[in-house]
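As structure tokens, the structure follows; a few thoughts come after it.
The values are calculated or read from the model by the stated rules, or taken from the named source; none is laboratory data. Only a predicted model underlies this, so the values are computations on that prediction, with no experimental measurement involved. With ideal geometry, Cβ positions are generated from the backbone for all residues, glycine too; neighbour counts draw on all protein chains shown. For the accessible areas, the whole protein counts, side chains as well, though only heavy atoms, and no ligand, DNA or RNA atoms are used. Shrake-Rupley method; radii C 1.70, N 1.55, O 1.52, S 1.80 Å.
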Amino acid sequence: MQIRQVTADERTDTMFPLQTYAFMPSPWADADRETYARRMQYYRTAVGLVAEEDGQALAGVGAFPMRQNVRGTVHDMAGVASVATHPSARRRGFVRALLGRLLQQMRDQGCTVSTLYPFRASFYGRYGFVGLPRVRTATFAPEGLSHLLKADLPGEVERLPMRDAFDDYTALTLRLLGERHGFSVFDEVRTAEFRDTPRWVALARVEGEVVGAVTYRIDRFGGDLLADDLLTTGSLGKALLLQYFARHVDQVACVKLKVGTDEVPDLWGTDFAVLTEGRVAHPSSNGPMARLLSMEALTGTSTPAEQAITVEVVDDDFIAGRYQLTGEGGQLTVEPSKNEPRATLTCAGISALAYGVLDPIEVVTRGFGQVEVSAVEPLSALFPKRMPYLFADF
Ligand SMILES: CC(C)(COP(=O)(O)OP(=O)(O)OC[C@H]1O[C@@H](n2cnc3c(N)ncnc32)[C@H](O)[C@@H]1OP(=O)(O)O)[C@@H](O)C(=O)NCCC(=O)NCCS
């Protein structure tokens, strides 16, 4: 077996059959191949690796060069996708070899974190990834928000096709990349594909400044308004967009809207009937996962703690080692250390702390390491729990 990097143009002959067999209805039509080939113009900066035998691609993996906010620091991120093996070549270690090579290459390219959407979390747990929260869907009838119809809010909402809203929408995502923990975006090459997404965009503005946006479509008169992520810079943007949805009261029965785990739709109104759910199921409906590819890159991460601790990271090709973690003046510093560690963590364990999804005790109970009793408080203080919102879906 040989591993080879393929160009975007080569993907149609190598990765397309593997991916399409794995993830799409099949057998596929010729038109599906042509659609894939056309889309490859947006994959020019993505890295594609295939494992070949006798010139035939039997497994493939890919990564998008992306960026992600982790506690206020924007990292270069490898967004891993397109992981598939031909059924006759499964369980021969092809993806294990490909993933190792891919993460190394993305690390060499400067990526300090990586995320993916797993088919089964335990599979990627072996490679150091830990689960992040799944996005929630809030489902409600627009009349539940009728109190907002009378509210005189200082701003307005404009409805545009994505093509016309694209620049404003993309600018808002870039602003949120700098402001929101966990938020991630593709590079310009991949983002360009979304210009033609068949979606409306509701853009909320206050004195000309975009303070919120949501993409959506309506399935039929009296049906559902199917919205994607509720993106806002704060409460006013949210109120403007919810008011806009309230105005669909005699047009749709239901609004379905994606929100982060930090959002509590029950509190959007009095007597407001809403179902908020985040169903996890294998293989098609999992929350994302993330891992660190560099410990030193955590230097500069915001932290409220004024203390230091030595930890050891074990069993990992990229970040194994002993580190001194120091919180000072609102920022974390990470340096190599020779001190005795007070916590021994796997990559998943330290990644869970850095991303804010588990506290030190949960890290231990989940099997991601050992933490001395005296280390629980400093680690909790250095890495307060804080749920990330990934946004990008790939
Ligand atoms: C999942 C998939 C990509 C695995 O590819 P593969 O080439 O068979 O994987 P490998 O042989 O390299 O397996 C790596 C390890 O994971 C284990 N493994 C493989 N498939 C697994 C599964 N479905 N569940 C749990 N463990 C699995 C292997 O036993 C191996 O363990 P080892 O390192 O201890 O030997 C392949 O089965 C596939 O294409 N499935 C359909 C598409 C899909 O789900 N892709 C993933 C999208 S996120």
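If you go through segment 308-315 one residue at a time, do you hit one that is open to solvent by 30 Å² or more (accessible area, probe 1.4 Å) and within 16 Å of the ligand (Cβ to nearest atom)? Within segment 308-315, one or more residues are open to solvent by 30 Å² or more (accessible area, probe 1.4 Å) and within 16 Å of the ligand (Cβ to nearest atom). Report whether or not residue 26 is at positive phi, among the polar types (S, T, N, Q) and touching a helix residue (DSSP H, G or I) at 6+ places or on another chain (Cβ under 8 Å). When the stated conditions are applied, residue 26 does not pass them. Residues that are open to solvent by 30 Å² or more (accessible area, probe 1.4 Å), near the ligand (Cβ under 10 Å from one of its atoms) and under 25 Å from residue 283 (Cα atoms) are absent from segment 137-153.
Scanning segment 178-216 for residues that are part of a loop (DSSP other than H, G, I, E, B) and on the phi < 0 side of the Ramachandran plot yields 180, 181, 183, 187, 197, 198, 199. Read through the list (1) under 19 Å from residue 75 (Cβ atoms); (2) open to solvent by less than 10 Å² (accessible area, probe 1.4 Å); (3) of a type outside the set (D, E, K, R); (4) more than 23 Å from the chain's Cα centre (by Cα), then give the number of the only condition that residue 301 fails. Here residue 301 clears every test but (4). Among the residues of segment 244-276, the one identified as of a type in the set (Asp, Glu) and surrounded by 15 or more Cβ atoms within 10 Å (Cβ to Cβ) is 263. Examine segment 232-239 for a residue that is surrounded by 13 or more Cβ atoms within 10 Å (Cβ to Cβ), within 25 Å of the chain's Cα centre (by Cα) and assigned to a strand (DSSP E or B), and state whether such a residue exists. Within segment 232-239, one or more residues are surrounded by 13 or more Cβ atoms within 10 Å (Cβ to Cβ), within 25 Å of the chain's Cα centre (by Cα) and assigned to a strand (DSSP E or B).
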